[in-house]
Amino acid sequence: MSTPLPALIIGAGIAGLPLALQLAKAGKPSIVIERCPGLETKGQNIDLRGPGQEVVARLGLEAAIRAKTTTEKGMSVEDENRKSWAFFGVSEQKEGKKNTSPTSDIEILRGDLADVFYQECLAKYPNLISFRFGAKIASIEENDDSVTLTLKSGEVLHGSILVGADGQGSQVRQMCLASSSNINVRHFHLYMSYYTIPREEHDTDIWRIYITTKRRSLFIRPDGSGKTVRVSLCVMTQDPEAVKAFEEQRDPKVYKEKLKEIFTGAGWEAPRLLKAMDETSDFYLHPTVQIRMDKWHKGRVVLLGDAAWAPSPLGGMGTTLAVSGAYLLAWHLNRKDVGDDPTKAFTRWEEEYRGYVEKAQDIPSFAPGLFYPRNVLEVKALRWFAYMIGVVSKLPFLGSFFGGGEDPFKLPADEEMA
């Protein structure tokens with residue numbers, strides 16, 4: 001009996017790693033190819049909700065993940081004097097309950113979540129999951145019964161399928177599906193920077209957010225270390241000079257200079273955040289976009305996570321979609337009636353999952369602008385709006401915007417495979 005070809009998974013992240021784990025549970029091998037020299041540890045706070053939490057529980061990783069949470073106790077909307085106008089506590093995931101807070105009961109750093117998955121791969125499936133770090137793609141060739149991946153190092157890998165779990169700027173998407181699938185990139189004109197700074201005495205386990213004029217916002221969030229906090233400077237702009245700096249220059253020094261220009265005089269803790277920006281080692285910035293495609297697969301190549309459907313941070317569902325999408329894809333690939341034709345699995349998976357993804361992507365065009373006011377009047381209106389919601393009730397609208405609402409997607413059980 002011949003040895004089965006492995007799945008070639010591009011991207012050792014929060015979509016690719018759980019896919020490899022779920023395939024390995026069924027005895028199927030994978031090779032995970034990652035362009036970074038090691039596991040990428042950068043990244044800010046992310047959360048798991050609904051089916052994402054169910055997946056990590058089924059993988060036996062819930063306790064390990066909860067042990068690495070950021071200890072975030074909720075979100076506070078503050079003014080320039082650090083006065084809290086509204087507070088939203090942790091939204092626990094319960095059957096039939098709507099999320100009413102942007103803070104989930106599993107808030108974790110992206111790098112920590114990826115590391116939990118990675119360590120499980122090494123510990124439990126060393127003979128089924130292997131890794132190629134620092135590997136860059138040279139070419140992808142699809143045959144009738146396999147996929148051939150050539151790396152720039154010269155190594156040639158043969159797989160049964162190739163999965164592009166390589167993020168918003170997916171190389172696999174560009175190389176394999178750009179000509180066959182209608183790809184729509186929805187721009188929000190929102191640029192978000194992230195980095196780590198030293199924790200100060202007044203920093204707490206609360207996600208503090210300050211929203212000010214000229215469509216600017218600043219965040220400070222706990223990271224669970226007790227020594228540092230994660231921060232973000234965000235601006236919504238179509239100013240040609242800013243767009244050029246953020247999208248064409250691709251230089252962190254240029255990003256930082258433009259952010260200093262934009263946020264100087266913003267108030268609150270802007271001076272602290274701007275000063276620390278020059279001293280941090282993990283700064284990065286990205287435009288906020290949404291990826292929409294009319295088809296996520298072609299032949300033996302399939303996209304997963306942000307590579308296929310990046311919902312944007314505005315919806316708060318990116319991690320949950322990646323993790324639960326990986327589980328469901330593996331579930332369909334592991335079905336006995338798929339045989340040697342993975343396109344059956346890809347088609348069934350996409351038909352079952354697309355509606356859930358599209359609902360998460362359904363962010364009204366006006367919604368982001370509501371949270372990025374232009375002037376003092378709009379800032380005051382937003383603060384009073386947040387205050388009223390916090391006092392009167394936990395309205396489903398706000399919860400849905402931050403990744404909540406009733407969770408209609410139900411994962412199939414492992415034993416249902418046939």
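A short reminder: the numbers here are calculations on the coordinates, not readings from a lab. What you see is a predicted model, and the numbers here were worked out from it, not measured in a lab. Here the Cβ is made from the backbone with ideal geometry for all residues, glycine too, and neighbour counts use every protein chain on show.
Contact order, relative form, for the chain: 23 percent (alpha carbon pairs under 8 Å, 6 or more residues apart, mean separation divided by residue count).
Projecting the Cα positions of Gln22, Thr280, Val172 onto the charge dipole of the chain (unit charges on Cβ atoms of Lys, Arg, Asp and Glu, taken about the Cα centre) puts Thr280 furthest along the positive direction. Checked against a 21 Å cut-off, the cross-linked pairs Lys83/Lys258; Lys214/Lys258; Lys28/Lys344; Lys68/Lys136 give Cα-Cα distances beyond that limit for Lys83/Lys258; Lys68/Lys136.
Cβ-Cβ distance of Asp278 and Ala57, R₀ of 56 Å, FRET efficiency by 1/(1 + (r/R0)^6): the value works out to about 0.85. Since only Gly159, Ser130, Tyr118 are under comparison, the one whose Cα sits farthest along the positive direction of the charge dipole of the chain, derived from C-beta charges on Lys, Arg, Asp and Glu, is Tyr118. With contacts taken as Cα pairs under 8 Å at a separation of at least 6 residues, segment 187-288 carries a relative contact order of 39 percent. In terms of overall dimensions, the C-alpha atoms belonging to the chain reach 71, 46, 39 Å along their principal axes, ordered largest to smallest. Charged side chains reduced to their Cβ positions (Lys and Arg at +1, Asp and Glu at -1) give segment 187-288 a dipole of some 160 debye around its Cα centre. Residue exposure proxy: Leu328, Leu303, ordered by other Cβ atoms within 10 angstrom of their Cβ from fewest to most, comes out as Leu328, Leu303.
This model, with +1 at the C-beta of Lys and Arg and -1 at the C-beta of Asp and Glu, gives the chain a dipole about its Cα centre of some 700 debye.
Segment 22-88 and segment 218-294 have their alpha-carbon centroids 21 Å apart.
Counting only DSSP beta bridges whose two residues both lie in the chain, roughly 70 percent are antiparallel. Normalised by 2.2 N^0.38 Å, where N is the number of residues, the C-alpha radius of gyration of segment 187-288 stands at 1.04. Each of Ser225, Ser170 was scored by other Cβ atoms within 10 Å of its Cβ. Listed from fewest to most, they are Ser225, Ser170. Contact order, relative form, for segment 1-141: 35 percent (alpha carbon pairs under 8 Å, 6 or more residues apart, mean separation divided by residue count).
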